[in-house]
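Remarks on the structure that follows.
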Amino acid sequence: MIEFLLQPWPWYFSGPMIAFVLFLLLWTGKSFGMSSNLRTLCAAMGAGKNLSFFQFDWKAQRWNLVVAAGAVLGGFIAANFLSTSTAVAISPATILQLNEMGILDAGQSYMPEKLFSLNAFGAVKSIFLLSLGGFFVGFGARYAGGCTSGHAISGLSNFQLPSLIAVIGFFVGGLIVNHFILPILL
Amino acid sequence: MRTLLYFSIGILFGITMFKSEAASWFRIYEMFQFNAFHMYGIIGSALFCGAIITFLLKKFKINSVVDGEPIVIPNKESGWKRYLFGGIFFGFGWAISGACPGPMFTVLGAGFLPIVVVIAAATLGTFCYGLLQKRLPH
């Protein structure tokens, strides 16, 4: 059992575990939607002074910030105490492709060093990519009214057509950038 | 007590995101290349189980375990523009940063500090949506 948990989790264990988290949040009277936290953060920092979108009782959303804080600790625990190796065994075809694009640690690490090692802080291009990506994620999630957890998991589980449209959008945008833009930007 | 409850759920979520490798930039890249089944298996099996859970909670009108209130799973507002356009923007960001709003926090805990740039930019992006909301097609 412990040996199993220390390995990277297979999809057929990971997926049901995500559904279990969805269950826990619904069963405790909440919902599964992580991008709402970004709106709550904006409201907590006073964005509601001028913008009606941020005028809501953000303190009622405190539970979700607590979930996010738990996710930080969960990441720490998983990386430091629940992993014998954190290398991600992506497919050989992907490794080859990334190597050609200059990502040489593909298949050997959890995150590309180019974007996520401390050196990234000193590299203009890395900071640019991280900012651009983050900005679109935050903007798009709120525009679409949810992200992967709110639409792809919660919404589709409840057979919501808007969520299907949003998920199609996620993939349209993702495929365009992945195939045509990333090879130039990376 | 409730804080502890949600904190524990968050820990479980964080561990799951890290160990499933859904928080790995490489897995997201690979997913958009259709080079592995892994991410599709995760999303598909999560959906399969999630649909059964959602169905049962609604069918048996289960009450919240915390306060006994009925569990309400609100329907999404109808329409398509905001979902499609917003979704596409989200997809741009997802493919570049390899992070969605849940895993971002996991990645931070795992010690990949440049993710703070992504989190800050995502918060700014959310703010800009609030700024432009009334001018965007919904």
Of all helices (runs of 4 or more DSSP H) fully inside segment B:1-68, the set with 1 or more residues that are free of Cβ contacts under 8 Å to residues at least 12 places away in the same chain, of a type in the set (S, T, N, Q) and exposed (fewer than 14 other Cβ atoms within 10 Å of the Cβ) is B:2-19
Quick one: how many residues across segment A:147-166 are more than 7 Å from chain B (Cβ to nearest Cβ) and within 20 Å of B:M31 (Cα to Cα)?
-> 3
Is it true that some residue in segment A:3-20 is of a type in the set (A, V, I, L, M), in contact with a Pro (Cβ under 7 Å, 6 or more places away or on another chain) and under 22 Å from B:A110 (Cα atoms)?
-> no
Could you list, in sequence order, the residues of segment A:85-137 that are under 17 Å from B:V107 (Cα atoms) and among the β-branched types (V, I, T)?
-> A:T86, A:V88, A:I127, A:V137
Among the residues listed as B:E69, B:E21, the single one being facing chain A (nearest Cβ under 7 Å) and on the phi > 0 side of the Ramachandran plot = B:E21
Out of segment A:20-51, which residues are of a type in the set (G, A, S) and more than 8 Å from chain B (Cβ to nearest Cβ)?
-> A:G33, A:S36, A:A43, A:A44, A:G46, A:G48
Complete set of residues in segment A:1-46 that are among the charged types (D, E, K, R) and closer than 23 Å to A:Y110 by Cα = A:E3
Would you check which residues across segment A:131-161 are farther than 22 Å from B:M17 by Cβ and not in a helix (DSSP H, G or I) and list them?
-> A:F159, A:Q160
Any chance segment A:134-141 includes a residue that's more than 7 Å from every other protein chain (Cβ to nearest Cβ) and either over 17 Å from the mean Cα position of the chain (by Cα) or modelled with pLDDT of 95 or more (or both)?
-> no
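If the requirement is being surrounded by fewer than 19 Cβ atoms within 10 Å (Cβ to Cβ) and either within 16 Å of the chain's Cα centre (by Cα) or touching a residue at least 40 places away in the same chain (Cβ under 8 Å) (or both), which of these qualifies: A:A44, A:A89, A:A71?
Of the residues listed, the single one that is surrounded by fewer than 19 Cβ atoms within 10 Å (Cβ to Cβ) and either within 16 Å of the chain's Cα centre (by Cα) or touching a residue at least 40 places away in the same chain (Cβ under 8 Å) (or both) is A:A89.
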Which ones in segment A:110-125 are assigned to a helix (DSSP H, G or I), more than 7 Å from chain B (Cβ to nearest Cβ), within 27 Å of B:F127 (Cα to Cα) and not β-branched (V, I, T)?
-> A:G122, A:K125
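Please find, among A:L104, A:L164, the residue that is farther than 24 Å from B:L132 by Cβ, free of Cβ contacts under 8 Å to residues at least 60 places away in the same chain, assigned to a loop (DSSP other than H, G, I, E, B) and of a type outside the set (G, A, S). Please lay out each step first, then the result.
Numbers: A:L164 fails: assigned to a loop (DSSP other than H, G, I, E, B).
One residue alone meets the criteria, A:L104.
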Check on B:G87, small (G, A, S), in contact with a Gly (Cβ under 8 Å, 6 or more places away or on another chain) and at pLDDT 95 or above = yes
Subset of segment A:77-109 (residues that are more than 9 Å from chain B (Cβ to nearest Cβ) and at positive phi) = A:G102
Listed residues A:Q7, A:Q55, A:Q61; which is closer than 30 Å to A:I127 by Cβ, polar (S, T, N, Q) and more than 8 Å from chain B (Cβ to nearest Cβ)?
-> A:Q61
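How many residues are crowded, with 24+ Cβ neighbours inside 10 Å and farther than 11 Å from B:A121 by Cα if we restrict to segment A:126-147?
7
The values are calculated or read from the model by the stated rules, or taken from the named source; none is laboratory data. Everything quoted here is computed from the prediction, not taken from an experiment. Backbone-built Cβ (ideal geometry, glycine too); neighbour counts: all protein chains shown.
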